Amino acid sequence: MPLELDASTTTPRPAMARSLFRARAPGLRERALFTERLALLLETGVPLHAALQSLLEQTEQAQLRAMIAAMCDDILAGERFSVALARHRLFPSTYVNLIAASEAGGFMAEVLVQLVELDEKEERLRSTLVSALSYPLILLAFSFGVVLFILVSVFPKFAAMFASIHDQLPWTTRGLMFVSRLLTEHGAIVAAVVAALAGGAWMLVRRPDVRVAIDRAKLRLPVLREVFAKIYLARLLRVMGISLERGVTILATLESCRAVVPNADIQRFIRDLENDVTEGKGIAAGFQHSGFVPVAVRQMIATGEQTGTLGRVMSRISDSYDRELTRHLARLSKLAEPVMLLVMGILVGTIVSSLILPIFKLSRSVH
């Protein structure tokens, strides 16, 4: 007689080599893909539990599979989808609040589409920042590598040649030779000191008072102030606009926005907004007293609150800031390129002159 085999017992477990790449915790891209697929299934009329079961079969990432399986169990136990999502760190409070509002209003598929757009905008902003900073950082790393190579490989070969005219050497040559000797003779000690300084700086940055000072400096430095203010405002207004348009209460929206912007000044500003709303003053009153919010934004938010279109106005401002921020970062990146090239030229010129000038002195003394 044929034996009936259970598929769950015959399916082999994934090998360790395959699971190495799946050990990474799911992030923004995985969440956006999960949200997009779930929205598509719900739009075609598939029930929520069946849609999650389908996603469970399609998902290969181990931790995300465990999350979806736990959600399926919670929904079978009678829990709301928003409650099931809140148990997992992958889904922030903004995500959970919007899903909770859509459950009450019956428009979950539309909210999921907006959440996909929200994650895509965050990813575009992150890509813009990375592309704007990558080229200057690559030039900086290349310059550091060239200088280190010259100090370790080239300067030691000229040390014996320059010993006879050590007192006549330029101060740049003497300084570079000292650094070269320090790196070649005591490289392990220098590396240990640099590592200790880096570790100490990392521990110092993690202190709450230092992080508050850094957050405050981000909104006060001449060049970076405008960039960080636009990034924070675009992210804050985007989340607030979507939440308010979908019926999330103002206090719940502000509470979920605390984790959206990791800046102490912005979080204090959000707490002040909560106090104004609790006292009945409204959101526009809190924006009027903020120093980093432009006057035009304050006026538009006040108009949106008066006309009952605050969510739509905030979303429009956020989209405008996204476009303006992209242009601003592109301009800064183009300005950074010649500055970095100038710095590289100064470094290389200083090193070359520090080698060539003593050689000319030696040649004149020989003649």
Distance between modelled label sites at Gln288 and Glu79, nm, 7 Å Cα→Cβ extension: 4.4
Points 7 angstrom from Cα along the Cβ direction at Thr249 and Arg126: gap in nanometres? 3.2
In the Gaussian network model of the chain, springs joining C-alpha atoms below 10 Å, which of Asp265, Asp276, Asp209 carries the largest mean-square fluctuation? Asp209
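At 0.36 nm per residue, and after removing the present C-alpha to C-alpha distance, how many nm does the segment from Met344 to Ile359 gain when stretched out fully?
3.1 nm
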Can you pull a Stokes-Einstein diffusion coefficient for region 162-312 at 4 °C (1.567 mPa s), Rh from Kirkwood over Cα pairs, as a whole number of µm²/s? 67
What are the ³J(HN,Hα) couplings of region 275-281, residue after residue, when phi is run through the Karplus curve with 6.51, -1.76, 1.60 and θ = phi - 60°? Round to Hz, x for glycine and proline. 5, 5, 5, 5, 7, x, 7
Between Leu137 and Thr184, how many nm apart are label points set 7 Å from Cα along the C-beta direction? 3.3
Between helix 187-205 and the chain: long-axis angle, C-alpha atoms, 0 to 90°, nearest 10: 40
Estimated [θ] at 222 nm from DSSP helical runs (n ≥ 4, -39500 (n - 2.57)) normalised by residues in the chain, nearest 500: -25500 deg cm²/dmol
Interchain or sequence-distant (5+) residues whose placed amide H lies within less than 5 Å of the amide H of His88 are none
Note: region 245-361 at 4 °C, 1.567 mPa s; Kirkwood Rh on alpha carbon pairs; Stokes-Einstein D in µm²/s works out to 72
Answer in debye to the nearest 20: the dipole magnitude of region 148-291 about its Cα centre, from +1 Lys/Arg and -1 Asp/Glu charges placed on Cβ, is 200
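Would you mind working out the magnitude of the charge dipole of region 21-91 relative to its Cα centre, with +1 at each Lys and Arg C-beta and -1 at each Asp and Glu C-beta, to the nearest 20 Debye? Working shown, then result.
Working: 9 positive and 8 negative charges, 68 e Å.
That gives region 21-91 a dipole magnitude of about 320 debye.
For region 21-91, what is the convex hull volume of the alpha-carbon atoms per residue, in Å³?
On the way: hull volume 5.7 nm³, N = 71.
In region 21-91, the Cα convex hull volume per residue is 80 Å³.
With +1 on each Lys and Arg Cβ and -1 on each Asp and Glu Cβ, how big is the dipole of the chain about its Cα centre, in debye rounded to the nearest 20? The partial results should precede the final answer.
Working: 41 positive and 34 negative charges, 361 e Å.
With Lys and Arg at +1 and Asp and Glu at -1, about 1740 debye.
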Answer label, with mean projected area of the Cα convex hull in nm² calculated from the coordinates and candidates (i) 17.0; (ii) 29.8; (iii) 18.4: (ii)
When you have a sec, figure out the Kirkwood radius of region 273-326 from all distinct Cα pair distances and drop it here in Å to one decimal? 11.6
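At 20 °C and a viscosity of 1.002 mPa s, what translational diffusion coefficient does Stokes-Einstein give for region 61-220, taking Rh as the Kirkwood radius over Cα pairs? Give it in µm²/s as a whole number.
Values: Rh = 22.2 Å.
In µm²/s, the coefficient is 97.
Every number here is computed from the coordinates shown, using simple stated rules; none is lab data. This structure is a prediction, so every number in the text was calculated from the model and none was measured. Using ideal geometry, Cβ is built from the backbone for each residue, glycine included, and neighbour counts are taken over all protein chains shown.
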